[in-house]
Amino acid sequence: MHVVEAAARPLIGTSWKMNLAPDQARAYVRRLRTQAADDAWGSRTIFVLPPYVDIGVAREELSGSRVLYGAQNVHHADAGAYTGEISAQMLAALGCRIVEVGHSERRRDELETDELIGAKVAAIRRYGMWPLVCVGESGAQHDDGLSMQVVVGQLERIFERTTDEDARSLLVAYEPWWAIGAGATAAPLEHIARLHADIHMWLSERWPGGDQIPVLYGGSVDLSNAAPLLATSGVDGLFVGRAALDPLTFAAICRAGLT
Ligand code: PGA
C-alpha cells in the first residue's frame, strides 16, 4: 500500500515558520491537543511543523495524540562538519513524521535549488519520514502564463533520482509564491484545480502509484476559505501559515467543511 495513503485525507497542517519560542509552543500544542480530544476533526490527518527548537516540546506534548509533528527543513547529509545544521537522523530520533522542503522562502532567502531539495528528499526517506515537497511559481511567472511549466521543471529536477519505493511516502504542496504571506490572498479556485490536476498527472506518469500522492494547497489559507479549498477538485489537504499561529483558529480550520 502507498505509505502516505495510510494517513487519512484530507491532510491539514501548519508550519509556524520562525514563530513561537518553546514556552509559547507548549501552550499552543496543549490547546491543540485539547481540541483534538473532542474528536471534531473526523478522520483527518493533522500535523504541525514547529521550528527545530520546539520539536522536543511537540514530542513531549503530542506523542500518543492524533496530531503528527515534524520539521520545516533538514540538511541533506546524515552527519558531519555542517555547523548549525540538523540531520534527518536527528529529526527521526525526535519522532518527526513529516519534513518540509522546498518552501519558496528558503529558495528565495537561502538560495536553495531543486537539486539540493532532491538531496534532502533522499535524506528524509533514508530515515523513514515523509517529505512534504513545496512547489510553486512566482507572481511574474504566473502573469506570463508559465505556472505549470515552472512547476513541472521543479518536479523533474527535485524528483530526478526519487525511487519508486520512496515515491510511496511523498507529500506535495502546491504553493504559488504570489499567494503566500502578508498582503496576499489565496489563489483562485479554478487556478488551483488546474494546477493540482496537472501535478497529479505528472506524478501518476512518473511513478507507479503516483496518482495516490497527496497534493496539498498552501498560500493564504484561512478560516473563510478552508472549506471551499478542501472541496476543490484535486486538493487533498491544506498547508497553513499565518492563520494557524492561533491554535484555536488552526483547530477550526481542521474542522472546515465538516458538519
Ligand atoms: P500563509 O503561508 O498561509 O501565511 O500564506 C503559507 C505557506 O507559506 O506555506
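Rule-based calculations on the coordinates, nothing more; no lab input. Every value quoted in this text rests on a predicted model; they were computed, and no experiment measured them. Glycine also receives a Cβ, built like all others from the backbone with ideal geometry; neighbour counts cover every protein chain displayed.
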(message) Could you tell me the center-to-center distance, by alpha carbons, between the range 61-92 and the range 190-250 in angstrom?
(response) 24
(message) Net charge around PHE250, counting only other residues with Cβ within less than 11 Å of its Cβ (Lys, Arg = +1; Asp, Glu = -1)?
(response) +1
(message) Only counting other Cβ atoms within 10 Å, I'd like GLU115, GLU61 sorted with the fewest neighbours first.
(response) GLU115, GLU61
(message) Compute, for the chain, the length of the dipole vector about the Cα centre, with Cβ point charges of +1 (Lys, Arg) and -1 (Asp, Glu) only. Units Debye, rounded to 20.
(response) 760
(message) As a footprinting exposure proxy, order LEU155, LEU11 by other Cβ within 10 Å, with the fewest listed first.
(response) LEU155, LEU11
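Placing +1 at every Lys and Arg Cβ and -1 at every Asp and Glu Cβ, with all other atoms neutral, what dipole size does the range 105-182 have around its Cα centre, in debye to the nearest 20?
With Lys and Arg at +1 and Asp and Glu at -1, about 340 debye.
Which order, highest average first, do 204-217, 78-91, 171-184, 120-133 follow once you tally other Cβ atoms within 10 Å for each residue and take the mean per peptide?
120-133, 171-184, 204-217, 78-91
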(message) Contact order normalised by length for the chain, with contacts defined as Cα pairs under 8 Å and 6 or more residues apart; what percent is it?
(response) 21
(message) Nothing charged except the Cβ atoms of Lys and Arg (+1) and of Asp and Glu (-1): what's the magnitude of the dipole of the range 100-236 about its Cα centre? Round to the nearest 20 debye.
(response) 300
